[in-house]
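Student: This structure is in structure tokens; I'll ask about it shortly.
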Amino acid sequence: MRLRAALPAVFALLLAGCSPARELYQDRLYVFGTLVDVTLWDVTEQQGRAAVADLAREFQAEHVEWHAWRPGPLVELNAALARGEAARATPHLVRLIELSQRLSRQSDGLFDPAIGGLVRLWGFHSDDPLTGKAPPSREAIAAWVAQRPSMEDLTIEGDLVRSRNPAVQLDFGAIAKGYAVDLAVARLHAMGIHDAIVNAGGGMTAIGRRENRPWRVGVRHPQGQGVIAALELADHEAVHTSGNYERYNEHEGIRYGHIIDPRTGYPGHEIVSATVIHPDGAVADAAATALVLAGVKDWERIARQMGVTLAMLVDESGTVHMPPAMAARVHFAGDAPPPVKLGAPL
Ligand code: AMP
Ligand code: MG
């Protein structure tokens, strides 16, 4: 075994039942305020170490570039937009804006990174744990909603970004990890590493295979610890899970999650978690966030509009909603599988 350190819990599933992993290289980074696990197959320790060092540098640069509240290019762009000025954006930010405009439209505005001001108002622009702070006032939330900041307010010419609405404040928290993880596996591929999985706090992209079978990963359980299901990822496939259990504030017995409905200004609550498998990590990440807000009634329509065919939602009662194609992919963990409501194909 060429493992560098004691195995972290998150890899338990990846390793379960495998033959001696002679060429498995694993490492863990802390970036984007989350743990990023890198697992490489068929590399030497030297190659593995060099590749992970390269990813760490890249992730760190992206972290600074896209951060929504620490000084950096995105904070500067947001300040210019708030002043009503046009500003130049980095190539990645231009790409994130363009991608987000499409995904926002396709999600009927449920995924909308222009609501950074609202996310801040709810107290989520902070590295500190949220400790029982009172939610914002009804009036403050209503004032934000009335300004309707949306990705539709932005226009891009070359690298010049303008907003017709000064309330637009970009926060790519719902898409950045999916985008970054896809970039990371593309870098690995360019380095000649063709079998890998990069997992950033609930979202991951796989390339190639592990030995002679697909990568097998766990989907985190929205309530409590552990995994709710296992699934296999094909080459260049991403899976992202989103839920209000990940980050929330609790005040007077009420939980306020970090996924905020741009229509109401309040956190969504009907769906506890949404998992999306898609060949594009950014799409999987954005769609998982949108589906949390779409609710039981609309999620299938929104998924179709976003080009998502594989998704799974867990509602407040613990019932799992998914199309047959997703049911064929997931293997529930434990002895008592959750109740499942099988929908139509997406
Ligand atoms: P995720 O964990 O991918 O669902 O992303 C959640 C993060 O995205 C939050 O912490 C906010 O920074 C941001 N966010 C919250 N609500 C929305 C929304 N409706 N659309 C886009 N981004 C959001
Ligand atoms: Mg997301």
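The values are calculated or read from the model by the stated rules, or taken from the named source; none is laboratory data. The shown structure was predicted, so the numbers you read here are calculated from the model rather than taken from an experiment. Virtual Cβ from ideal backbone geometry, glycine too; neighbours counted across all protein chains shown. Heads up: the accessible areas ignore ligands, DNA and RNA and are worked out on the full protein's heavy atoms, side chains in. Shrake-Rupley method; radii C 1.70, N 1.55, O 1.52, S 1.80 Å.
Student: Need the C-alpha centroid separation for the stretch 301-346 versus the stretch 217-232, integer Å.
Tutor: First find each Cα centre; the distance between them is then 13 Å.
Student: Then there's this: Per-residue ellipticity at 222 nm for the chain, helices alone: DSSP H runs ≥ 4 residues times -39500 (n - 2.57), over residue total, nearest 500 deg cm²/dmol?
Tutor: -10000 deg cm²/dmol
Student: If you line up the long axis of helix 281-305 against the longest principal axis of the chain, both from Cα atoms, how many degrees apart are they, to the nearest 10?
Tutor: 70
Student: Which of the peptides 151-157, 110-116 is most tightly packed, and how do the rest follow, going by the mean number of other Cβ atoms within 10 Å of each residue?
Tutor: On the way: 151-157: 16.3, 110-116: 27.9.
Sorting 151-157, 110-116 by mean packing, highest first, produces 110-116, 151-157.
Student: Over the chain, what relative contact order in percent results from Cα pairs under 8 Å that are six or more residues apart? Walk me through the numbers on the way to the answer.
Tutor: On the way: 695 pairs, mean separation 51.7, N = 346.
Answer for the chain is 15 percent.
Student: Excluding ASP153 itself, calculate the net charge of residues whose Cβ lies under 12 Å from the Cβ of ASP153, where each Lys or Arg counts +1 and each Asp or Glu counts -1. Mind showing how you got there, number by number?
Tutor: Details: positive: ARG148, ARG162, ARG164; negative: ASP112, GLU152.
Summing Lys and Arg as +1 and Asp and Glu as -1 gives +1.
Student: Right, here's the next one. Grab the beta carbon distance between TYR30 and ALA344, set R0 = 41 Å, and tell me the FRET efficiency rounded to 0.05.
Tutor: On the way: r = 41 Å, r/R0 = 1.01.
With R0 = 41 Å, the Cβ-Cβ based efficiency is 0.50.
Student: Sort 47-58, 286-297 for me by packing, meaning the mean count of neighbouring Cβ atoms within 10 Å per residue, highest on top.
Tutor: The packing order, highest mean first, is 286-297, 47-58.
Student: How large a share of the accessible area of the chain, in percent, is made up of carbon and sulfur atoms when the probe is 1.4 Å and the other protein chains stay in place? Write down the numbers at each step before the final one.
Tutor: Working: 8010 of 15320 Å².
Its accessible area is 52 percent carbon and sulfur atoms.
Student: Please give every one of the aspartates and glutamates within straight-line cross-link reach of LYS341, meaning a C-alpha to C-alpha distance under 14 Å, and leave out same-chain neighbours fewer than 8 residues apart.
Tutor: List returned: GLU300, ASP315, GLU316.
Student: Which whole-number percent gives the relative contact order of the stretch 192-346, counting Cα pairs below 8 Å spaced six or more residues apart?
Tutor: Values: 332 pairs, mean separation 28.2, N = 155.
Relative contact order of the stretch 192-346: 18 percent.
Student: Going by Cα centres, the stretch 277-295 and the stretch 51-77 are how many Å apart?
Tutor: About 22 Å separates the Cα centre of the stretch 277-295 from the one of the stretch 51-77.
Student: Please work out how much length the chain gains when fully extended from GLU232 to ARG95, using 0.36 nm per residue of separation minus the C-alpha to C-alpha distance, in nm with one decimal.
Tutor: Working: separation 137, 0.36 × 137 = 49.32 nm, distance 2.92 nm.
Here the segment from GLU232 to ARG95 would lengthen by 46.4 nm.
Student: Leaving out ligands and nucleic acids, note down the accessible area per residue over the stretch 66-163 with a 1.4 angstrom probe, in whole Å².
Tutor: 49
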